[in-house]
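Enquirer: Take this structure, written in structure tokens, and hold onto it; I'll ask about it next.
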Amino acid sequence: MLNSESYLQSKSQFLLIAGPCALESQEQLENFIKSAQSINTIRAGIFKMRTNPESFQGLGEYGLNIINNLKEKSSFQFITEITDPRQIESLDPVVDAYQVGSRNMYNYDLLKELNKLGKPVLFKRAFSATVSEWLNACGYMPDLGEHKIILCERGIRTFETSTRNTLDINSVIYLKQNHNFKVFIDPSHASGIRSMVRPLCHVGLASGADGLLIESHPSPECALSDKNQQITPTELNQIRSELIAMAPLFGKEII
Ligand code: PEP
Ligand code: MN
């Protein structure tokens, strides 16, 4: 679980956070939970930051009722992206941790508000931010600090266009060698290509990261957002088994 002292203080636990890009219905997330039972920290977008304003924007407040219903039936921690400080009142009773998306890395007013809440923040790197800009932005959440800010490398914008983004694996290794933040990798947005997610998960474990954020949808081909990069829960379970087998080589334990 992301929001637990045993994970936040551990140097060896490697956490898999997964779920659909966007929460679309109760049935969708129920299906995901049933088929990916080993995932204890679920991420699904409720307020989506879409580049195209015509694209699906998420279920909004209504989605929070779905999470409350599902939390009564099964036990999991829930993390979702917050896009505006005005969402705190409705999100805070439901979420265990917050995601700050790439488009909001520079939203310092949002960061200052999250700093007051005390819950872990999965803090994605902006498309074109340097590591130093990313670390500077962490300075707006001083009370969370290295203990509760989890940096998430989700691919950066480069001259390369064959993949959606370019996974900056250097940044992960650099951060782990020079700082005490936990560092996650998001192989889904980093590549944008479903078949690349599995090998990037392997690379992520080998890089010394502390976990992965993986987009997984019960029927990826019908997803309302990011359908090309979401994997099925069956593929997710397969990747998890492979990571469990690899983990001892890297001094990690998959949770
Ligand atoms: C997401 O996690 O679904 C998302 C929108 O990611 P990013 O902020 O990395 O683009
Ligand atoms: Mn997505």
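Laboratory data are not the source of any read-out in this text; all were calculated from the coordinates shown. It should be emphasised that the depicted structure is a prediction, and the values quoted were computed from it without experimental measurement. Cβ: placed from backbone, ideal geometry, glycine included. Neighbour counts: every protein chain shown.
Enquirer: Neighbouring Cβ atoms within 10 Å as the yardstick, rank 94, 183 fewest first.
Expert: Working: 94 16, 183 21.
Listing 94, 183 from fewest to most nearby Cβ atoms yields 94, 183.
Enquirer: For a test of the definition: using alpha carbon positions, the gyration tensor, and the 1.5 limit on a/c, classify the stretch 122-255 as rounded, prolate or oblate.
Expert: oblate
Enquirer: May I ask for the longest run of the chain untouched by GluC sites (Glu not before Pro) that are loop-located per DSSP and have at most 14 neighbouring C-beta atoms (other than their own) within 10 Å? Don't jump to the answer; show the numbers that get you there.
Expert: Numbers: sites that count: 54, 160.
That would be 55-159.
Enquirer: Next question. What value, in deg cm²/dmol to 500, does the helix sum -39500 (n - 2.57) over DSSP H runs of n ≥ 4 give at 222 nm once divided by the residues of the chain?
Expert: -10500 deg cm²/dmol
Enquirer: Would you mind checking which residues have amide H under 5 Å from residue 41's amide H? H placed 1.01 Å from N; only 5 or more apart, or other chain.
Expert: Those lying under 5 Å, H to H, from residue 41 are 18, 77.
Enquirer: I would also like to ask the following. Which of 240, 164, 50 ends up with the largest GNM mean-square fluctuation for the chain, with Cα atoms connected below 10 Å?
Expert: Its mean-square fluctuation being the largest, the pick is 50.
Enquirer: Quick one: work out Rg over Rh on the C-alpha atoms of the chain, Rh as Kirkwood radius. Walk me through the intermediate numbers first.
Expert: Values: Rg = 16.6 Å, Rh = 18.0 Å.
Radius of gyration over Kirkwood radius for the chain works out to 0.92.
Enquirer: Right, another one. Between residue 12 and residue 84, what length in nm is gained on full extension when 0.36 nm per residue of separation is reduced by their alpha carbon distance?
Expert: Additional length available on full extension: 22.6 nm.
Enquirer: Moving on. Please compute the contact order of the stretch 186-255 in relative form: average sequence separation of alpha-carbon pairs under 8 Å and at least six residues apart, divided by the residue count, as a percent.
Expert: Dividing the mean separation by the residue count of the stretch 186-255 yields 31 percent.
Enquirer: OK, next. Please list, in chain and number order, the residues 5+ apart from residue 15 or on another chain whose amide H is under 5 Å from its amide H, with Hs placed from the backbone.
Expert: 211, 212, 255
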